[in-house]
Amino acid sequence: MARVLVVDDAAFMRKMVSDALTKGGHEVVGEAGNGVEAIARFQELKPEVMTLDITMPEKDGLSALREIIALDPAARVVMCSALGQESKVLESIKLGAKDFVVKPFQADRVLEAVGKALG
Amino acid sequence: MSDDALIRLGKSTSEAISGVLEMFAAGKVSAGEVSVIPAETNPMDSLALPAVATNVSYVDGVTGGNVFVMTLDGARKLAAAMMGMEQPEEPDAPELSELELSAVSEAMNQMMASAAMAISSVLGTDVEIGTPETKTFSEQAEALNVYPKAPHAVRANFTVCGEPCRLIQLVPNAFVVRMTRALAELGSEVTPASETAASPAGARRSAGAVGGGPSLSGIPVRVWAELGRTRMPSAQVVGMPSGSVVELNQAADEPIDLYVNGTLFATGRLMVVDGTDWAVRIETVLSSSNTSSESQMEVARWPESW
């Protein structure tokens, strides 16, 4: 069980990811709807893991990931995106993401990725 | 010439988004006709009202607009299916709830991301999408001038949860030119291989996937042979130095697999022709019934790198 921050611009996806995590025994400590909010909430809440969408307004997930890893190189970030191109996956992993979940996904896949990031 | 490229664009998009819709509303999705909208027709004309329309633009790689239009009932049923409910909570409310709106926008986001990947593989470059925007129209007149005019438009019909939907792609000239060029290159690249592999069974299967007729028998299909596979953590891939050895799952004395447009089509033996080129001698052509849907799913998820 971990304290998780859920980041996605779609309220629906935040609900789906949060429901899946809660059912899996995790605590969703906060949500954010864009990259700027994600960085602010990350600093404020210090979650053990965060899920991060890529396509978002204001600041996209890859830019947010870069800044979050700069703030805390040990941050555990799981990317959750519909953009499953190899270039996005590889860029995320190079920037320091622990895993990459391609939407649409099953709840188990999110739990597995979060579990692995904690591992 | 450009109509061919437009129809191909519409069909590959239609296939990609059907796949995503099917994940959200299993067994409740069917793809219909793909057609080029004549220049004198407004693509947003003759909507079933009230209608919910979500648009997503291509923003990098290519430009163009995509509008997915559903009936209000259809949007609500899709949102319910995405949340794992059999029926909407408030089927008669005059407007979508905020969560329903968000679900429909997210469906479009995922559909267009999948379509962008399909188009990326045809064009050979990354295609990126913007964030979705959803609007509700209660009068036909409201919808007519909302989206920028484009020189070309393609329409793909669907039925989702029993309700009619359409995807309208608004296509600039530059996109058509690139698509036409890419298709021509793809056609010339695969000609020698398709002579061996595009037997009637293969043609029928690929035509079935796009809902077409006999005119599709001339469409080039992608044929490739697979030596083997493996899975490894992405971090290991990123950190792999030159000289590393990656073991594959196939035994060296086993036949190799031949794929046509992502479907396992035949197995055969690797050989060399003219002393220089690899070739495959077909041993067994698989009928569609013994190609399990599971294995097709598996292949479809692999990146289409060429």
Worksheet item: So which strands (runs of 3 or more DSSP E) stay within the range A:17-85 end to end and still have 2 or more residues that are within 20 Å of A:Gln106 (Cβ to Cβ)?
Response: A:49-52, A:77-81
Practice prompt. Would you point out which residue out of A:Glu91, A:Glu112 is closer than 14 Å to A:Asp60 by Cβ and assigned to a helix (DSSP H, G or I)?
Written response: A:Glu91
Practice prompt. Taking the options A:Ala75, A:Ala117, name whichever one is surrounded by 19 or more Cβ atoms within 10 Å (Cβ to Cβ), at pLDDT 95 or above and more than 30 Å from B:Leu101 (Cα to Cα).
Written response: A:Ala75
Worksheet item: Listed residues B:Val29, B:Val34; which is within 14 Å of another protein chain (Cβ to nearest Cβ), more than 21 Å from B:Glu133 (Cβ to Cβ) and touching a residue at least 24 places away in the same chain (Cβ under 8 Å)?
Response: B:Val29
Practice prompt. Kindly indicate whether A:Gly61 is out of contact with any Pro (no Cβ under 7 Å at 6 or more places or on another chain) and within 23 Å of B:Ser120 (Cβ to Cβ).
Written response: yes
Practice prompt. Scan the range A:40-47 and give yes if some residue there is among the charged types (D, E, K, R) and within 24 Å of B:Glu100 (Cβ to Cβ), otherwise no.
Written response: no
Worksheet entry | Pairs, first on the phi > 0 side of the Ramachandran plot in the range A:55-71, second part of a helix (DSSP H, G or I) and buried (at least 24 other Cβ atoms within 10 Å of the Cβ), C-beta under 8 Å, six or more apart | A:Glu58/A:Gly35
Item to complete: Spot the failing condition for B:Lys135; the list is (1) outside the structural domain of B:Ser30 (by TED's automatic domain parsing); (2) at pLDDT 85 or above, and only one is missed.
Response: (1)
Worksheet entry | Filter result for B:Ala103 (free of Cβ contacts under 8 Å to residues at least 40 places away in the same chain, within 14 Å of chain A (Cβ to nearest Cβ), buried (at least 24 other Cβ atoms within 10 Å of the Cβ) and in contact with an Asp or Glu (Cβ under 9 Å, 6 or more places away or on another chain)) | no
Practice prompt. Could you please give the count of residues in the range A:96-109 that are surrounded by 17 or more Cβ atoms within 10 Å (Cβ to Cβ) and either within 11 Å of another protein chain (Cβ to nearest Cβ) or part of a loop (DSSP other than H, G, I, E, B) (or both)?
Written response: 9
Worksheet item: Restricting attention to the range B:18-36, which residues are closer than 17 Å to B:Val69 by Cβ and surrounded by fewer than 15 Cβ atoms within 10 Å (Cβ to Cβ)?
Response: B:Ser30, B:Glu33
Response to the item:
Checked pairs for the range B:139-164, first not assigned by TED's automatic domain parsing to the domain that holds B:Lys11, second among the hydrophobic types (A, V, I, L, M, F, W, C), C-beta under 6 Å and 6 or more apart or across chains, list as none
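The values are calculated or read from the model by the stated rules, or taken from the named source; none is laboratory data. A quick note: this is a predicted structure, and the numbers were derived from the prediction, not measured. Reconstructed Cβ throughout: ideal geometry from the backbone, glycine too, with neighbour counts over all protein chains shown.
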